[in-house]
Amino acid sequence: MTAKRLLIVAGSDSSGGAGLQADIKTACAFKTYAMTAVTAVTVQDTAGVHAIHPIPPDIVAAQIKVCLDDIGADAIKIGMLGSKAAVRAVAHALAPYRHIPIVLDPVMISTSGHALLDDDAIEALKAKLLPGAIVTPNAPEAARLTGDTVETPFDLQRAGEKLVAMGARAAVVKGGHLAGGTVTDVLVTRAGTEHYESPRIEAKHTHGTGCTLATAIACAVAEGTDLATAVSRARLYVQQAIKHAPGLGHGTGPLNHLTP
């Protein structure tokens, strides 16, 4: 059987917990063939992001083109882009391939609180990449994308509806940043809304959860799984990866992406 193919457009995390490294590990867990277009090299550990070296936008675009022209893809996952120029280059490179499902993780702030996308880049992302994509913001990211307050499960749904109205194919708005013992995530499509609830896992090691969830969704979509089931499978995978985290590093450590 031919392996499903995933193109990952994202930054490198030297600690291996997030970014391309987490994406590739997740793809392996889902038995998906991973290709990469590197957008940035970060100097990063479990304590934070210490430096960022952007890859020239034309090189990012060229990586996308050669992968899709040669191997092709069943889904595309977009993570950290870092700049307006990178957003525009990625959008231009993907324009001929918009028939391929795109999962867009609008990475704006690292787990440690480091800003990764400025306002001009966010506006470009909304105009150039959000239309037609499955977008997976957490609550703070959804607030920045929509301009609305996102503090309750109702707000998650309202933000998702607004993102779909802005052109997204679907929105998975994540509630992990909200207070309470239950974590609620909301999937909004033009066909309706699905709420997912699970007990909060009290854990220190949650570095890369957003990257991991988006990539898990993309892998399931690449298989042809319906979106509601893809989100459910991805959430369960992340929960298990958190529960079995290896406990590495002095800060917010990585997940166990290869947990049974």
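Every read-out reported here was derived from the displayed coordinates using simple, explicitly stated rules and does not represent laboratory data. The structure presented is a predicted model; accordingly, all values stated were derived computationally and were not measured. Glycine gets a Cβ as well: all are built from the backbone with ideal geometry, and neighbour counts include every protein chain shown.
FRET efficiency for the residue 97 to residue 166 pair, using the beta carbon distance and R₀ = 22 Å, is estimated at 0.55.
With contacts defined as alpha carbon pairs under 8 Å and 6 or more residues apart, what's the relative contact order of the range 62-148 in percent? In percent, rounded to a whole number, it is 32. Annotation: amide H-H contacts under 5 Å for residue 35 (H modelled 1.01 Å from N, sequence separation of 5 or more, or interchain): 6, 7, 8.
For the pair residue 114 and residue 59, label points projected 7 Å from Cα toward Cβ lie 1.8 nm apart. Sorting 49-55, 66-72 by their mean Cβ neighbour count within 10 Å, with the most densely packed peptide first, gives 49-55, 66-72.
For an R0 of 41 angstrom, estimate the FRET efficiency from the Cβ-Cβ distance between residue 3 and residue 243 and round to the nearest 0.05. The computed FRET efficiency comes out at 0.90. The phi torsions of the range 134-145, fed into the Karplus equation with coefficients 6.51, -1.76 and 1.60 and a -60° offset, translate into couplings of 8, 9, 10, x, 7, 4, x, 5, 4, 5, 5, 6 Hz, rounded to whole numbers, with Gly and Pro shown as x. Note on residue 191 and residue 14: the model spin-label points, each 7 Å out from Cα along the C-beta direction, lie 4.5 nm apart. Between residue 223 and residue 202, the contour length at 0.36 nm per residue exceeds the Cα-Cα span by 4.4 nm. When you restrict to C-alpha pairs under 8 Å that are six or more residues apart and normalise by the size of the chain, the relative contact order lands at 19 percent. Counting every other Cβ atom within 10 Å of each residue's Cβ, 117, 248, 156 order from fewest to most as 248, 117, 156.
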